[in-house]
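What follows is one structure encoded as structure tokens, with my remarks underneath.
The values are calculated or read from the model by the stated rules, or taken from the named source; none is laboratory data. As the structure is a computational prediction, the values presented were derived from the model and not from experiment. Cβ placement follows ideal geometry from the backbone for every residue including glycine, while neighbour counts extend to all protein chains displayed.
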Ligand code: PAF
């Protein structure tokens, strides 16, 4: 696996003979890779000649400084995982490389991004859409891969690609869960042993046939702090806290 840190280096590679007439799949990540990311990578490897993964903990999507500080970083094991999967390129930029303007320019969606997670994390989706737009413009993939666990993010990225007429196919991959039902997330690394035991109650209660109000009170009685539980169309979305760790999930019902 070749590690590329500079945009100019990637740009020369992108037009070089080694990538000419090859399909390129792209998996953007913030690292701390788990089986959910691995599924995205495997899908890309199976559908494209070349797979590029990026790791960049994007500060503009964190509305809370402590959350950014505490975000898990496991770069050495991430590199090993990607190398063993036979990923072709890892794009590993620094902040200044991606944000030469220090975030003076941004992409904003004004409707769906204000609901669900957007209500509680102001500016979060501006940060996500902006960095994804930048990464798409740099990497120039044919296909890009996102997990359904971040369903709101996935829908907003689909909308951005459609409305900015970008020639990129967005491929979604179902949420990967641990054996006990907990959706895999880099943030799970921050749960202590007691919290990790309680955590699977979250998807279990969310998937039950209780009403939204009943779900909220069940979650509270199990020790979660509920940020929101909402149903939009045939999908139920929720965000909760266990201690300081924020967990999100969504299920089709
Ligand atoms: O889902 C994530 O890990 C991030 O939001 C993404 C898409 C890599 C943008 O920073």
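Which ones in the range 199-222 are over 21 Å from the mean Cα position of the chain (by Cα) and buried (at least 16 other Cβ atoms within 10 Å of the Cβ)?
First, pick out the residues of the range 199-222 that are over 21 Å from the mean Cα position of the chain (by Cα): 201, 204-205, 207-222.
Answer for the range 199-222, where residues must be over 21 Å from the mean Cα position of the chain (by Cα) and buried (at least 16 other Cβ atoms within 10 Å of the Cβ): 201, 205, 215, 216, 218, 219.
Mind checking whether some residue in the range 104-111 is at pLDDT 95 or above, surrounded by fewer than 20 Cβ atoms within 10 Å (Cβ to Cβ) and within 13 Å of the ligand (Cβ to nearest atom)? Full working, then the answer.
Of the range 104-111, the ones at pLDDT 95 or above are 104-111.
Imposing the further condition that a residue be surrounded by fewer than 20 Cβ atoms within 10 Å (Cβ to Cβ) reduces the set to 104-111.
Checking which are within 13 Å of the ligand (Cβ to nearest atom) leaves us with 107.
Yes: the range 104-111 contains one or more residues that are at pLDDT 95 or above, surrounded by fewer than 20 Cβ atoms within 10 Å (Cβ to Cβ) and within 13 Å of the ligand (Cβ to nearest atom).
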Original post:
If you scan the range 14-39, which residues turn out to be surrounded by fewer than 14 Cβ atoms within 10 Å (Cβ to Cβ) and part of a loop (DSSP other than H, G, I, E, B)?
Top reply: 15, 16, 20, 21, 22
**OP:** Go through the range 210-241 and give me each residue that's out of contact with any strand residue (DSSP E or B) (no Cβ under 8 Å at 6 or more places or on another chain) and in a strand (DSSP E or B).
**Re:** 232
**OP:** Could you check, for the range 215-234, whether at least one of its residues is within 16 Å of the ligand (Cβ to nearest atom) and in contact with a helix residue (DSSP H, G or I) (Cβ under 6 Å, 6 or more places away or on another chain)?
**Re:** no
Original post:
Taking into account only those residues within the range 169-192 that are in contact with a strand residue (DSSP E or B) (Cβ under 6 Å, 6 or more places away or on another chain) and more than 13 Å from the ligand (Cβ to nearest atom), which is nearest to residue 71 (Cα to Cα)?
Top reply: 190
Original post:
Only one residue in 96, 11, 80, 42 is away from the ligand (no atom under 16 Å from the Cβ), surrounded by 15 or more Cβ atoms within 10 Å (Cβ to Cβ) and assigned to a helix (DSSP H, G or I), so which one is that?
Top reply: 42
Original post:
Taking the range 49-64 as the search range and keeping residues that are over 16 Å from residue 10 (Cβ atoms) and at pLDDT 95 or above, which one is nearest to the ligand (Cβ to nearest atom)?
Top reply: 58
Original post:
With respect to the numbered conditions (1) in contact (Cβ under 8 Å) with a residue 40 or more places away in the chain; (2) assigned to a helix (DSSP H, G or I); (3) buried (at least 20 other Cβ atoms within 10 Å of the Cβ), which one is the sole condition not fulfilled by residue 127?
Top reply: (3)
Subject >> Sole exception among (1) under 20 Å from residue 175 (Cα atoms); (2) buried (at least 18 other Cβ atoms within 10 Å of the Cβ) for residue 85, by number >> reply: (2)
